[in-house]
Amino acid sequence: MTVAQSQLVHAAPDWRNDFPALRQEVNGHPLVYLDSAASAQMPEAVINTVAEYQRHDHANVHRGVHTLSHRATDAFEGARDKIRDFINAASRTEVVLTSGTTESINLVAQSFCRPRLKPGDKILITHLEHHANIVPWQLVCEQTGAELIVAPIDDSGQIEADTLTTLLDQDVFILALGHVSNALGTVNPVREIVAQAKARDIPVLVDGAQGVPHMPVDVQQLGCDFYAFSGHKMFAPTGAGVLYARESLLDAMPPYQGGGDMILEVSFGATVYNELPYKFEAGTPNISGVVGIGAAIDYLQAIGMQRITEYEQHLHNYMVAQLDAIDGIRLIGTAAAKASVQSFLLDDIHAHDLGTILDHQGVAIRTGHHCAMPVMSRMGIAGTARASVALYNSVDDIDRLVEALQKARKLFA
Ligand code: PMP
């Protein structure tokens, strides 16, 4: 770490104080939370906004004439406007509210792809993907006779760019790739890859679950057709998320699910679907979860995404350097461009044992295959220990992680 970097990290603002869950002891030690890639903690501002909504404004959205229903609708639709602004979608009709990244990707697979795919068509993904960006495509391939093909990654966990280019041929119906790998932290050059696909008229879905919490995202600048993400990775509650989709594509897609709210008129003879984006939002949504996403966006924008990216990048570099200095460590995922996540193994200690010993010292990391089993087989391992940083982490957290790993080493010696 350069002196300038170390000054920046040490001069980090105390965003940690905004997060009540981080003010506790776990197993007799102040909590060090390094599992934000699985689920991030919520700031007081989000918790309070959601609680206020639950206490005073809760009612069902859209159909009510009474005051609480108006308030709930305003809060819900207000959050949609914040999301539009946050990712710079061209219109609020392009923001479909879902239960999370998983539902968003399934929606695209079933509604955009399934009616159009034919045997011989290909769906191109990469070897880096989370299961949520693999299995929905396998399902639609089974349903249609299309074929799933996979762009390889190198030993560092980087997509092999030349091979990806060769695979992008005229038979590819859609390309689906992650913005940031949850298992290895690789940041993919999404803008460049999207440009290549678009030059061949191939639609692109970006799994942004690990992108949105850590960097500014502008879907128009990225040029992608779909961008999926989850509230709970960006400091909002679980069970609510987003599918950004180009309006022209959404317009031509049939509904994903049928039910209330996605219709204008129903009779037994025929049903007229609602306008965008409601055509894709059947049933009562996760209103408080979406309100929470709106509050999380307010929180993030008040700090500034660029500032968050810069801070986290220095912290990540510090973490990698400190981990790399531990005897017996093997870093998994060493791509040039990375964000938040570092996977590793220590001596021959099983990752789960490592996770448990760290928990005894108040340090929360994730262990296992991280819902990315193909990544693990590519690296020739069953799983890893994974530390992931967010804006509330500090150099002290990393030092505690290293200390805890040194203790684990001694224990197993
Ligand atoms: N994609 C990536 C890259 C992820 O990290 C995750 C969550 N671990 C998902 C998809 C699935 O997100 P969710 O479970 O919120 O639908």
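In table form, for the structure just shown:
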{"item": "Hits in the stretch 343-359 - residues which are open to solvent by less than 40 Å² (accessible area, probe 1.4 Å) and either away from the ligand (no atom under 15 Å from the Cβ) or over 19 Å from the mean Cα position of the chain (by Cα) (or both)", "result": "PHE344, LEU345, LEU346, ILE349, ALA351, LEU354, GLY355, ILE357, LEU358"}
{"item": "Options ASN60, ASN88; residue that is touching a residue at least 40 places away in the same chain (Cβ under 8 Å), more than 16 Å from the ligand (Cβ to nearest atom), within 21 Å of the chain's Cα centre (by Cα) and surrounded by fewer than 18 Cβ atoms within 10 Å (Cβ to Cβ)", "result": "ASN88"}
{"item": "Criterion: within 16 Å of the ligand (Cβ to nearest atom), open to solvent by less than 30 Å² (accessible area, probe 1.4 Å) and not in a loop (DSSP other than H, G, I, E, B) - qualifying residue of ILE83, ILE149", "result": "ILE83"}
{"item": "Every residue from the stretch 360-413 that is open to solvent by 10 Å² or more (accessible area, probe 1.4 Å), closer than 30 Å to ILE303 by Cα and of a type in the set (A, V, I, L, M)", "result": "ALA364, ILE365, VAL402"}
{"item": "Answer from ARG23, ARG55 - the residue that is under 28 Å from the mean Cα position of the chain (by Cα), loosely packed, with under 12 Cβ neighbours inside 10 Å and modelled with pLDDT of 95 or more", "result": "ARG23"}
{"item": "The stretch 63-80, subset in a helix (DSSP H, G or I) and among the small types (Gly, Ala, Ser), residue nearest to the chain's Cα centre (by Cα)", "result": "ALA79"}
{"item": "Residue in the stretch 168-181 that is under 28 Å from GLN313 (Cα atoms), within 15 Å of the ligand (Cβ to nearest atom), assigned to a loop (DSSP other than H, G, I, E, B) and in contact with an Asp or Glu (Cβ under 9 Å, 6 or more places away or on another chain) present", "result": "yes"}
{"item": "Contacts under 9 angstrom Cβ, first residue in the stretch 133-146 being closer than 21 Å to PHE229 by Cβ and more than 16 Å from the ligand (Cβ to nearest atom), partner in a helix (DSSP H, G or I) and open to solvent by 40 Å² or more (accessible area, probe 1.4 Å), 6 or more apart", "result": "VAL140/GLN110"}
{"item": "Qualifying residue in the stretch 220-232 (condition: part of a loop (DSSP other than H, G, I, E, B), open to solvent by 10 Å² or more (accessible area, probe 1.4 Å) and away from the ligand (no atom under 11 Å from the Cβ))", "result": "yes"}
{"item": "All strands (runs of 3 or more DSSP E) inside the stretch 339-407 with 2 or more residues being modelled with pLDDT of 95 or more and within 17 Å of GLN158 (Cα to Cα)", "result": "341-346"}
{"item": "Where LEU250 falls short, out of the listed (1) away from the ligand (no atom under 16 Å from the Cβ); (2) open to solvent by 10 Å² or more (accessible area, probe 1.4 Å); (3) outside any strand (DSSP E or B)", "result": "(2)"}
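Quick grid of which residues meet (1) assigned to a helix (DSSP H, G or I); (2) open to solvent by less than 40 Å² (accessible area, probe 1.4 Å); (3) in contact with a Phe, Trp or Tyr (Cβ under 8 Å, 6 or more places away or on another chain); (4) modelled with pLDDT of 95 or more:
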| site | (1), (2), (3), (4) |
| --- | --- |
| ASP201 | no, no, no, yes |
| GLY211 | no, yes, yes, yes |
| PRO216 | no, no, no, yes |
| ALA236 | no, yes, no, yes |
| VAL272 | no, no, no, yes |
| LYS279 | yes, yes, yes, yes |
| GLY289 | yes, yes, no, yes |
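Quick grid of which residues meet (1) surrounded by fewer than 22 Cβ atoms within 10 Å (Cβ to Cβ); (2) within 15 Å of the ligand (Cβ to nearest atom); (3) without any contact (Cβ under 8 Å) to a residue 60 or more places away in the chain:
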| position | (1), (2), (3) |
| --- | --- |
| GLU94 | no, no, no |
| GLY100 | no, yes, no |
| SER104 | no, yes, no |
| ALA109 | no, yes, yes |
| HIS127 | yes, yes, no |
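The values are calculated or read from the model by the stated rules, or taken from the named source; none is laboratory data. Since we're looking at a predicted model, the values are computed, not measured. In this analysis, Cβ positions are derived from the backbone assuming ideal geometry, glycine residues included, and neighbour counts consider all displayed protein chains. We work out accessible area using only protein heavy atoms, side chains counted, and drop any ligands, DNA or RNA first. Shrake-Rupley method; radii C 1.70, N 1.55, O 1.52, S 1.80 Å.
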